[in-house]
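Okay, structure first, notes after.
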Amino acid sequence: MSEPADVLVIGSGVAGLSFALKIAQQGTVTLVTKKQRADSNTNYAQGGIAAVMSGDDDLTLHARDTFVAGAGLCHPRAVWNLVREGPARVADLIDWGVRFSGGERGIALGREGGHSRRRIVHAADRTGREIERALLDALAEHPSVELLEDHVAVDLLLAPDAAAGRRCVGALVLDRHGRRLRSFLARHTLLATGGLGYVYRHTTNPDIATGDGIAMAYRAGARVGNMEFVQFHPTALYPAEGRAVLISEAVRGEGAVLLRHDRTPLLAHHPHGSLATRDIVARSIDAHLKETGAPHVWLDLSPIPEATITERFPNILADCAAAGVDMRTEPVPVVPAAHYLCGGVQTDGLGRTSIHGLLAIGEVALTGVHGANRLASNSLLEAVVFSHRAAEWVALELRRGRRLAVHEGEAVVPGPEPGEHEPDGAVIDSLRDEVRAVMWDEASIVRSDARLEGAELKLLELESRTMELWDRHGGWPDVIELRNLVESALLVVRCARRRPESRGLHHNTDHPYRDNERLLRDTVVVRGGVA
């Protein structure tokens, strides 16, 4: 068992790193990440971070664009906190050493779908990688932060609390190299574990995006919500196998146009054309592919000067070239792929969950900012804004001396320690592939009541087979991830079944319209039922 830290951070994306940097001024931090420190969705973020940074923009416009994209479910206070505090948080990133594009000319601003102004602060087409680099460099200078790679969180540790009934006091973590389970204790525990894109067969996310934090929080009894709202990025390079190559929305922001298989404009009749919000564009592509049988649509970059393509999108250019496509001279074949979760562990404006001592920020959290559909490039902004707010609250608690006694408490039974006999990799791969196939075929861009019901039944059977594996090999990393993958997939399907309407990213052909009278609310569940 480790010595208690003031804060345990689980996850090494922009949310966890920026929180750790701010709270390190006030107390000790243990940060655990299941892979290498730079393996996160942040590192793959191409587009940028949305913030009001120019004279022809204002906070009201950014808020309005966010509300429109969110299809009625954005929380007004959360959105206003986001847009109002955004510019200051971008300044924090610059102070930490992030090198955004622009140089002596000032910050260069891009535009993406759903935005009425150019407000996307970026570092060419690898913004996430640049932010991750700068934050890791800054974190290395803090002796009060212990960063542990290859440590897989298994479950949250809970203890009785006289005031709250129960409290999160840390997490049970697998040390992959030492092949042992360790209890990491802390006065405050922060989930910053990212999303669950890997539950789908085609995704822009890395294979670590298995919904770990959401599944752990749900098993511990936290409120989880809006899991039905999974955003599919419209433009992943075809064929979208493995971690799909993402063609940033910023490419369309510079003038690229989506074309049907016959090379005519796909969204000619939409007022925003190819820069419509992601839910509309992804559904339009999906409908066209199903109608025609075409394997993909085209993204035509011919309206963009070749020099702009080379300067603005060097990494995407290289990724396409590696796949045999020269996007300077020919259209790019693209299809939708799972990209971002708009729901998660329900939090308040300070990152606090329904379990005392447990906070969540970033893609793992439901803050109310995104509603039923995330506005492009609001995700990195949400991470830095709410990590700042959460850090301020935790710092205040530490300054007040509220350093409650910590003990191991009542942990969820983790299963056996990793033994000498490794589980059959083929069995794990088969179960994982079945989960991802069910989610892609039955619960992706367009859904129906029958498909969702069938998906839940299939996932319950896969869950049963997974738990048999868990009982024998629960201490192995692949089994830990598989359990979380199945749990997260079930949460998506169950929330989708509780929303008999179509809104934002959730489109059900049996309920094609919005039902504002009954369903203008979040879908919130807890273990064992509806919250």
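Observations on the structure shown:
- Cα gyration tensor, the range 147-235 - rounded (a/c under 1.5), prolate or oblate: oblate
- Summed over all non-identical Cα pairs, the Kirkwood treatment of the range 190-300 gives a radius of 15.7 Å.
- Per-residue [θ]222 nm for the chain (sum of -39500 (n - 2.57) over DSSP H runs n ≥ 4, rounded to 500): -11500 deg cm²/dmol
- The ellipsoid equivalent to the alpha-carbon distribution of the chain has semi-axes of 35, 27, 22 angstrom, derived from the gyration tensor eigenvalues as √(5λ) and listed largest first.
- For the range 275-404, the Kirkwood hydrodynamic radius from C-alpha pairs, put into Stokes-Einstein at 4 °C and a viscosity of 1.567 mPa s, yields a diffusion coefficient of 71 µm² per second.
- Estimated D of the range 290-355 in µm² per second, where Rh is the Kirkwood radius over Cα pairs and Stokes-Einstein applies at 10 °C, 1.306 mPa s: 104 µm²/s
- Nearest-10 value in Å² for the accessible area of residue 526, using the 1.4 Å probe: 40 Å²
- Size estimate for the range 485-531 follows the Kirkwood approach: the inverse of mean 1/r over distinct Cα pairs works out to 11.5 Å.
- Full extension of the segment from residue 91 to residue 433, taken as 0.36 nm per residue of separation minus the current Cα-Cα distance, would add 118.9 nm.
- Distance-filtered residues of the range 484-510 - backbone nitrogen under 20 Å, label point 7 angstrom along residue 464 Cα→Cβ: 484-491, 493-494
- Spin-label model, residue 448/residue 400: points 7 Å from Cα along the beta carbon direction are separated by 5.4 nm.
- Amide H to amide H distances under 5 Å link residue 354 with 223, where only residues 5 or more positions off or on other chains count and H is placed in the peptide plane.
- Measuring r between the beta carbons of residue 527 and residue 306 and using R0 = 51 Å, the FRET efficiency lands at 0.40.
- Accessible carbon and sulfur surface of the chain relative to its total accessible area, %, 1.4 Å: 49 percent
- Of the chymotrypsin sites (Phe, Trp or Tyr not before Pro) found in the range 426-531, those in coil by DSSP whose Cβ has at most 11 other Cβ atoms within 10 Å are 513.
- Ellipsoid equivalent to the range 130-193 - semi-axes via the Cα gyration tensor, in Å: 26, 17, 10
- Taking 0.36 nm per residue of sequence separation and removing the Cα-Cα distance, the residue 219/residue 150 pair yields an extension gain of 22.6 nm.
- Close amide H pairs (under 5 Å, H built 1.01 Å from N) link residue 9 with 30, 31, 32, 190, residues at least 5 positions away or on another chain.
- Modelled label positions at residue 137 and residue 262, each set 7 Å beyond Cα in the direction of Cβ, lie 5.3 nm from each other.
- Lysines whose Cα lies under 28 Å from that of residue 34, excluding same-chain neighbours fewer than 8 positions away: 22
- Under the criterion of Cα pairs below 8 Å and six or more residues apart, the relative contact order for the chain equals 22 percent.
- Cα-based Rg of the range 427-531 normalised by 2.2 N^0.38 Å, two decimals: 1.17
- Principal-axis tilt of helix 425-442 within the chain, Cα atoms, nearest 10 degrees: 50 degrees
- Cα gyration tensor category, rounded, prolate or oblate, for the range 237-296 with a/c compared to 1.5: oblate
- Computed on protein heavy atoms with a 1.4 Å probe, the accessible areas place 478, 125, 471 in the order 471, 478, 125, largest first.
- Overall dimensions of the range 86-141, expressed as equivalent-ellipsoid semi-axes from the Cα gyration tensor (√(5λ), whole Å, largest first), are 22, 11, 11.
- Accessible surface area normalised per residue over the chain is 37 Å², counting heavy atoms of protein chains with a 1.4 Å rolling probe.
- With both residues required to sit in the chain, DSSP beta bridges show an antiparallel share near 65%.
- Accessible-area value, residue 58, 1.4 Å probe, nucleic acids and ligands omitted, Å²: 70 Å²
- Sequentially through the range 232-237, phi angles give Karplus couplings (6.51, -1.76, 1.60; θ = phi - 60°) of 9, 6, x, 10, 9, 4 Hz, Gly and Pro residues having no value and appearing as x.
- In this view, the solvent-accessible surface of residue 422, computed with a 1.4 Å probe and all protein chains in place, comes to about 130 Å².
- Long-range HN-HN contacts of residue 109 with modeled amide H, under 5 Å: none
- Using the Karplus relation 6.51 cos²θ - 1.76 cosθ + 1.60 with θ = phi - 60°, the per-residue 3J(HN,Hα) values for the range 333-346 come to x, 9, 9, x, 8, 4, 9, 8, 9, 8, x, x, 6, 5 Hz, with x marking Gly and Pro.
- Order by protection proxy (mean Cβ within 10 Å, highest first), peptides 70-82, 166-178: 166-178, 70-82
The values are calculated or read from the model by the stated rules, or taken from the named source; none is laboratory data. Not measured: the values here are computed from a predicted model. Virtual Cβ from ideal backbone geometry, glycine too; neighbours counted across all protein chains shown. Quick note on the areas: whole protein, heavy atoms, side chains included, nothing else; ligands and nucleic acids left out. Shrake-Rupley method; radii C 1.70, N 1.55, O 1.52, S 1.80 Å.
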